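Heads up: the structure comes next, in structure tokens.
The values are calculated or read from the model by the stated rules, or taken from the named source; none is laboratory data. All values reported here derive from a predicted model rather than from experimental measurement. Cβ atoms come from the backbone with ideal geometry, glycine included; neighbour counts cover every protein chain shown.
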């Protein structure tokens with residue numbers, strides 16, 4: 001079962017790249033994505049790097065995160081895309097879907113109260129660090145090789161509209177400061193706030209604000225909701241929708257450059 005949003009966007013860690021309407025479901029990555037978009041899916045299961053008490057081996061996790069960005073970047077060049085428009089999107093945006101999994105498992109191992117604000121804050125601190133590692137690596141590759149061409153395309157549209165050398169200088173300065181190699185990086189599933197392989201305890205839904213760290217949402221589920229009623233499902237859906245609207249300031253309507 002996949003929980004699919006009626007209206008959704010994918011966002012970018014780069015503030016110079018607009019959010020995009022996600023109007024197509026891509027089974028390969030269990031995500032809603034822009035039409036004719038090319039994604040490299042890679043999974044990083046945080047629970048793999050956690051001990052029985054839920055404490056993370058940070059050095060090993062950091063190495064896995066760096067490798068995910070590097071491997072995904074290489075795969076964009078090695079993959080033979082089935083459609084010309086998808087191949088073009090691969091060149092233009094170099095999208096990665098790095099699925100960050102295991103949130104509920106870590107909370108359970110720690111014996112933490114999933115309804116506690118402190119538990120949420122602890123998980124948010126981990127998510128912020130993880131995203132910082134991924135974004136930093138993408139920026140490093142942008143400086144070492146080149147940034148995703150979508151930034152040049154966005155700059156050309158802006159300059160055509162403004163027709164100003166001053167705007168051109170501002171754009172180049174901004175790109176130098178925040179350019180990324182990959183338009184999208186992080187993917188989270190709302191279902192991963194629950195421990196996997198068990199009945200979904202609604203207390204764990206208090207961890208849903210973690211979704212604001214995702215550039216895109218996945219709908220992969222490994223927990224049972226057999227005990228939920230219609231109102232439980234609707235409430236869960238409504239909470240995701242509210243967080244998605246607020247996340248990254250993008251809402252459900254794509255920003256315009």
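Observations on the model:
- Considering only residues in the stretch 228-257 that are modelled with pLDDT under 65 and out of contact with any strand residue (DSSP E or B) (no Cβ under 7 Å at 6 or more places or on another chain), the one that is nearest to residue 211 (Cα to Cα) turns out to be 247.
- Test: residue in the stretch 36-49 that is free of Cβ contacts under 8 Å to residues at least 12 places away in the same chain, at negative phi, under 20 Å from the mean Cα position of the chain (by Cα) and assigned to a helix (DSSP H, G or I): no
- The condition of being outside any loop (DSSP other than H, G, I, E, B) and modelled with pLDDT of 90 or more holds for residue 136.
- Residue ID - surrounded by the most Cβ atoms within 10 Å (Cβ to Cβ), chosen from residues in the stretch 206-238 that are farther than 25 Å from residue 41 by Cβ and in contact with a helix residue (DSSP H, G or I) (Cβ under 7 Å, 6 or more places away or on another chain): 206
- Of the candidates 122, 73, 89, 77, the single residue that is without any contact (Cβ under 8 Å) to a residue 40 or more places away in the chain, part of a helix (DSSP H, G or I) and farther than 16 Å from residue 210 by Cα is 77.
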